[in-house]
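Colleague: Mind looking over this structure? Questions follow.
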Amino acid sequence: MEQHTPIRGRFAPTPSGKMHIGNALTALLGWLQIRSMNGQYILRIEDIDTQRSRQELTVEILRDLEWLGLDWDEGPGRDGDYGPYHQAARQALYEREITKLQHNHQLYPCYCSRADITAASQAPHGIASEGLRYPGTCRYLSEEEATIRKRKKPSLRMKVPQQRVSFIDGIAGAQSYLFSDGGDFVVRRADDMISYQLAVVVDDALMDITHVLRGADLLDSTPRQLLLYQALGYEPPQFAHTPLMVDAEGRRLAKRTRGLSLSFLRGQGVKPERVIGWLAWTVGLLEKPEPVTPADLISLFDLSKIPSSPIKISDETRQQLFET
């Protein structure tokens with residue numbers, strides 16, 4: 001008898017700020033995707049950056065999700081076989097995978113400061129979210145140069161092969177990124193903090209995540225993560241990146257517009273069904289912003305309906321949230 005891999009998706013918020021309407025869209029669409037396939041929905045708290053993460057915000061995220069009616073099968077308060085569900089408690093798992101990469105000679109120590117990289121970089125990185133292109137300075141150090149630099153504790157960088165990485169995104173479509181000279185990325189910082197790129201790959205792989213639905217701001221992180229999946233010997237999930245919400249000038253709503261946190265909406269007396277219906281309307285799952293529950297939308301969910309371009313939210317569109 002043929003065995004089918006269980007469908008598993010996840011929502012992985014960072015508790016460094018209040019959950020806003022853009023986060024809610026990602027959480028809702030991820031929930032609908034998995035529920036429409038009778039899969040398991042996992043909540044994982046990405047608090048690897050302990051300096052920026054706050055416990056009270058984690059509590060508020062849980063409250064926001066429950067308020068919206070988005071339940072989860074595993075995660076905080078619902079322990080399963082794939083925990084811990086907080087990144088801060090998964091350090092040993094990351095170090096194990098780093099050891100694997102070191103054993104296979106896929107990492108190297110980097111002694112460069114941010115100022116060093118800025119001074120050496122002649123052009124921006126081809127992948128925007130990584131910042132300036134790392135010129136590979138420490139990848140080719142002589143023994144003498146390495147000895148001099150060892151006075152400073154290094155970060156660890158991935159040796160990125162010169163190749164093209166292509167994949168099909170469930171919303172954005174065909175994607176292709178060329179890795180040429182430079183572009184080696186950090187997997188562990190000099191202060192021992194694990195990078196997002198490594199942590200998210202290890203977590204998704206070890207939690208048997210089959211579907212990753214997240215914001216379009218992380219689309220260009222995917223090729224680096226695919227390289228890590230390959231290097232670590234794990235099967236990558238299917239990716240889909242939801243469009244960002246922007247204002248009339250194309251600026252991200254979540255960062256620039258006040259009054260769109262879920263706690264604010266709740267405090268203004270906005271009902272969760274109003275928020276769910278409004279979100280579904282903005283991505284074309286409903287013809288008008290009428291109050292509905294997440295369960296009402298399961299049969300209507302179709303990933304192909306979700307637009308790939310940013311969702312422009314005007315003042316008039318935003319006001320629809322507050323109408324009764």
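The values are calculated or read from the model by the stated rules, or taken from the named source; none is laboratory data. Here the structure is a predicted model, which is why all the values come from computation and not from measurement. In this analysis, Cβ positions are derived from the backbone assuming ideal geometry, glycine residues included, and neighbour counts consider all displayed protein chains. In case anyone asks, the SASA skips ligands and DNA or RNA and just uses the protein heavy atoms, side chains included. Shrake-Rupley method; radii C 1.70, N 1.55, O 1.52, S 1.80 Å.
Colleague: Can you give the FRET efficiency for Phe322 and Lys159, using 1/(1 + (r/R0)^6), R0 = 41 Å, r = Cβ-Cβ distance, to the nearest 0.05?
Modeller: Efficiency, rounded to the nearest 0.05: 0.20.
Colleague: Can you give the angle from 0 to 90° between the axis of helix 91-103 and the longest principal axis of the chain, with both taken from C-alpha atoms, to the nearest 10?
Modeller: 40 degrees
Colleague: Using a 1.4 angstrom probe on the protein heavy atoms only, could you order Asp79, Asp49 from most to least accessible area?
Modeller: Asp79, Asp49
Colleague: Here's another thing I want to ask about it. Taking 7 Å along the Cα-to-C-beta vector as the label spot, tell me the Ser113-Glu66 distance in nanometres, rounded to one decimal.
Modeller: For Ser113 paired with Glu66, the spin-label model returns 4.7 nm.
Colleague: Under 1.5 on a/c is rounded, so check that first for the stretch 157-270, then, if it is not, pick prolate when a/b is larger than b/c and oblate when it is not; a ≥ b ≥ c are the square roots of the alpha carbon gyration tensor eigenvalues.
Modeller: In terms of gyration-tensor shape, prolate.
Colleague: Kindly state, to the nearest 0.05, the FRET efficiency for Asp79 paired with Asp296, given R0 = 30 Å and r defined as their beta-carbon distance.
Modeller: Computed FRET efficiency for Asp79 and Asp296 comes out at 0.55.
Colleague: Could you calculate the contour length gain from Gln102 to Arg251, that is, 0.36 nm times the residue separation minus the distance between their Cα atoms, to one decimal place in nm?
Modeller: 49.6 nm
Colleague: Compute the helix-to-body angle for 55-68: its Cα long axis versus the longest principal axis of the chain, expressed 0 to 90° and rounded to tens.
Modeller: The helix 55-68 is inclined about 40 degrees to the chain.
Colleague: Which value in nm describes the separation of the simple spin-label points at Ser36 and Ser309, placed 7 Å from the Cα toward the beta carbon?
Modeller: Between Ser36 and Ser309, the simple spin-label model gives 2.2 nm.
Colleague: Also, I was wondering about something else. So what's the gap between the Cα centers of the stretch 151-198 and the stretch 53-82, to the nearest angstrom?
Modeller: If we compute the Cα centre of each part, the gap is 29 Å.
Colleague: Would you mind classifying the stretch 253-324 by shape? Square roots of the alpha carbon gyration tensor eigenvalues, ordered a ≥ b ≥ c; an a/c under 1.5 is rounded, otherwise it is prolate if a/b is larger than b/c and oblate if not.
Modeller: Oblate, since a/c reaches 1.5 and b/c is not below a/b.
Colleague: Same structure again: Between Ala190 and Arg54, with labels modelled 7 Å along Cα→Cβ, what's the label distance in nm to one decimal, could you check?
Modeller: A separation of 2.9 nm, rounded to one decimal place.
Colleague: Moving on to the next point. Heavy-atom accessible area per residue, the chain, 1.4 Å probe: how many Å²?
Modeller: Computed with neighbouring chains in place, this is 49 Å² per residue.
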